[in-house]
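Below is one structure; the comments refer to it alone.
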Amino acid sequence: MVCAVVCERAVKMLEISARVLRVEGATAWVQVEAPPSCGLCHGKGCGSSVFNQLWREGEPEYALDNSIAAEVGDAVVIGVADGSVLQAAWRGYGMPLLAALVGAWGLSAWGDLAAAGGMLLGLAAGGWLGRRAARTAAPVVLRAGTAAGCGTAEPTL
């Protein structure tokens, strides 16, 4: 009964267009086809592509489960569940930072060195808890074709 309810519920997905570069067994290696400006800033440019080019050459490749049997060169739409990016940011940055602050505060009564040690212990514990709690929805290949728009959120069954 629970499965039927979950399966019928539409999940909101963030979608973006990609191109299949190679296929290895059941895995498709894709490259996101980012437009020069996504339209969210109405063509003024937010500069994200400039910063992206400073740290790496070319576009990154992602290994995804090839559930639609896409072939090399196919245009596909990949998606990630809405909210999973925020959850991953919380687990990767927020949780360790909060744990570091709590650790530093908790041991600050014993001096600065103890507070620094508490911060490092809290940071390590927060990182460990963040990894242990990692349940982020992985990106998936949704369908062949192109996304409706950059960063669109479409209900998917």
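In terms of other Cβ atoms within 10 Å, TYR62, TYR93 run from fewest to most in the order TYR93, TYR62.
Near the amide H of ASP82, within less than 5 Å, lie the amide hydrogens of LYS12, MET13, LEU14, all on another chain or at least 5 residues away, with H placed in the peptide plane.
Read-outs: derived from the displayed coordinates by stated rules, not from any lab. Note that the coordinates shown come from a computational prediction; the quantities given were computed from them, not determined experimentally. Quick reminder, even Gly has a Cβ in these numbers, built from the backbone with ideal geometry, and neighbours come from all protein chains shown.
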